[in-house]
1. Quick one: Glu46 ticks every box in (1) closer than 14 Å to Tyr94 by Cα; (2) open to solvent by less than 20 Å² (accessible area, probe 1.4 Å); (3) without any contact (Cβ under 8 Å) to a residue 40 or more places away in the chain bar one, so which box is it?
2. Val31 passes all but one of (1) modelled with pLDDT under 95; (2) over 21 Å from Val115 (Cβ atoms); (3) out of contact with any Gly (no Cβ under 7 Å at 6 or more places or on another chain); (4) open to solvent by 30 Å² or more (accessible area, probe 1.4 Å); which number fails?
3. Is it the case that the range 50-62 has a residue that's part of a loop (DSSP other than H, G, I, E, B) and touching a Ser or Thr at 6+ places or on another chain (Cβ under 6 Å)?
4. Kindly indicate whether Asn73 is of a type in the set (S, T, N, Q), open to solvent by 50 Å² or more (accessible area, probe 1.4 Å) and under 22 Å from Gly26 (Cβ atoms).
5. For the range 92-117, enumerate the residues that are on the phi > 0 side of the Ramachandran plot and open to solvent by less than 30 Å² (accessible area, probe 1.4 Å).
6. Restricting to the range 3-17, name every residue that is open to solvent by less than 30 Å² (accessible area, probe 1.4 Å) and part of a strand (DSSP E or B).
7. Report yes if some residue within the range 17-25 is farther than 24 Å from Ser104 by Cβ and of a type outside the set (Lys, Arg); otherwise report no.
8. For the range 77-117, how many residues meet the condition of being within 23 Å of Ser17 (Cα to Cα), part of a loop (DSSP other than H, G, I, E, B) and of a type in the set (S, T, N, Q)?
Amino acid sequence: QVQLVESGGGLVQSGGSLRLSCAPSGSSFRVGTMAWYRQAPGKQRELVADISSAGSTNYADSAKGRFTISRDNAKNTVYLQMNSLKPEDTAIYYCNAKNFWTGSSYWGQGTQVTVSS
């Protein structure tokens with residue numbers, strides 16, 4: 001049973017920074033693309049950023065210039081460095097990882113990020 005374990009969420013003032021981390025536990029597998037999504041109250045879950053196993057990155061327009069996604073392949077860990085946070089970044093942030101060979105997708109339980117004005 002694969003689980004993704006997230007950490008790093010919390011409460012921060014507008015303009016502050018947070019760093020989220022996520023790594024799989026349980027059964028081991030070759031990890032392909034890893035990503036961060038977020039879901040604000042009353043809104044659909046949306047992609048924040050993703051990173052391929054080769055290191056290619058993709059960002060939502062709202063994240064460009066403020067957030068940086070990175071990964072440590074040796075640890076199968078993905079990070080999301082969030083700077084210049086705004087109240088509209090408040091959401092539950094979810095980690096996603098895909099099996100490199102099968103494309104199976106796994107989700108974390110989510111971590112709350114709250115940005116106060």
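The values are calculated or read from the model by the stated rules, or taken from the named source; none is laboratory data. Owing to the predicted nature of the structure, the values given are computational and were not obtained by experimental measurement. Every residue, glycine among them, receives a Cβ derived from its backbone with ideal geometry; neighbour counts consider all protein chains shown. Heads up: the accessible areas ignore ligands, DNA and RNA and are worked out on the full protein's heavy atoms, side chains in. Shrake-Rupley method; radii C 1.70, N 1.55, O 1.52, S 1.80 Å.
1. Every condition holds for Glu46 apart from (2).
2. (4)
3. Initial filter on the range 50-62 (part of a loop (DSSP other than H, G, I, E, B)): 52-56, 60-62.
Subsequent filtering for residues that are touching a Ser or Thr at 6+ places or on another chain (Cβ under 6 Å) retains 52.
Taking every residue of the range 50-62 in turn, at least one turns out to be part of a loop (DSSP other than H, G, I, E, B) and touching a Ser or Thr at 6+ places or on another chain (Cβ under 6 Å).
4. Numbers: of a type in the set (S, T, N, Q): yes; open to solvent by 50 Å² or more (accessible area, probe 1.4 Å): yes; under 22 Å from Gly26 (Cβ atoms): yes.
Here the answer is yes, as Asn73 does meet what is asked.
5. Start the filter on the range 92-117 by keeping residues that are on the phi > 0 side of the Ramachandran plot, which leaves 103, 110.
Result: Gly110, single match.
6. Leu4, Glu6, Gly10, Val12
7. Scanning the range 17-25 turns up at least one residue that is farther than 24 Å from Ser104 by Cβ and of a type outside the set (Lys, Arg).
8. Filtering the range 77-117 down to residues within 23 Å of Ser17 (Cα to Cα) leaves 77-96, 108-117.
Now restrict to residues that are part of a loop (DSSP other than H, G, I, E, B): 83-86, 90, 109-110, 117.
From what's left, of a type in the set (S, T, N, Q): 83-84, 90, 109, 117.
So the answer is 5.
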